[in-house]
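> For reference, the structure I am asking about is given below.
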Amino acid sequence: MKKTKSKYEVFRQKTQIIIYGTNTKAGRLFDLILLGLILLSVFLVMMETVQGFDTKYHNQLVFAEWIITIFFTLEYILRIISIDKPLKYIFSFYGLIDLIATLPMYVSLFFPGTRILSVIRALRLLRLFKILNHPKFTSQSIHMKEALNASRGKITVFIYFVLISTIIIGSIMYIVESKESGFTSIPMSIYWTIVTLTTVGYGDISPQTPLGQFLAALVMILGYGIIAVPTGIVTSEFAKRNTNQDTNIDSIKTTCTKCGTFTLNKEAKFCYQCGNNLNDN
């Protein structure tokens, strides 16, 4: 005899389809509404820092932020009770972000001024990549991830070299320049080196001696290389993976429009990941 589901179980199932079902119409609509509220929340927090606007509409801003916070709280609770493994969600990347994004308004009740931390809700916009579950976005994100992983070792070595260079250059500048020029210590000189290498150039500290200015010019020129090298490393790996994909393109039948899987056999009629009929693509 078939067991009849309780009203709570039916509610959990429907809630899970809406909240986690990114491939369903209800799920996509929920995610779009959620993203809209996140953008609105971030906008309200930013406008709260505009003195004239906040003075005129402070109560309305606080009221709107509380409404959004309550919505996020209910959403967080529903995500926990509707999933089979709540702890897996709670300690997941998105679960921790959801929790942190909900807390600032409640914390502000005990510590005034912390409400501004609600801007951290912008991190929840990362869910956009889950909503845009299009094969094109999926394949490109995979290539980017692989390129970054392949470049990790080279970039680490490069950053280590830059770190050593900043210490050496900063120490030399401390010796060459006087304290009156702003180079009061080696850490301060290293700060100037980093600012100059990254081509930021605040101008709060600047060399005054001819030798110091000559070294500064060399650091500025070196700064362009600092920016270009990591970009070149990642771009090279990214291009290499795109080339490999083009080489193997004959072995790819199509890309599944439902889950984004693209490594399919020529004779395949159904996606081996989700079972979607490839003839409907």
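> Using the Cα gyration tensor of region 1-67, with a ≥ b ≥ c the square roots of its eigenvalues, what is the shape: rounded (a/c below 1.5), prolate (a/b larger than b/c) or oblate (neither)? Intermediate results must be reported in sequence, preceding the final value.
Working: a/c = 6.96, a/b = 2.87, b/c = 2.43.
It comes out prolate by the Cα gyration axes.
> Also: For the pair Thr235 and Ile186, what calculated FRET efficiency results from E = 1/(1 + (r/R0)^6), where r is the Cβ-Cβ distance and R0 = 45 Å, to the nearest 0.05?
Approximately 0.80, to the nearest 0.05.
> Let me ask another. Taking the simple approach of a point 7 Å from Cα along Cα-to-Cβ for both Asp84 and Gln60, what is their distance in nm?
Going from the Asp84 label point to the Gln60 one covers 4.8 nm.
Taken together, the values in this text are just the output of simple stated rules run on the coordinates, not laboratory data. These numbers come from a predicted model, not from an experiment. When we count neighbours, we look across all protein chains shown, and the Cβ atoms used for this are built from the backbone with ideal geometry, even at glycine.
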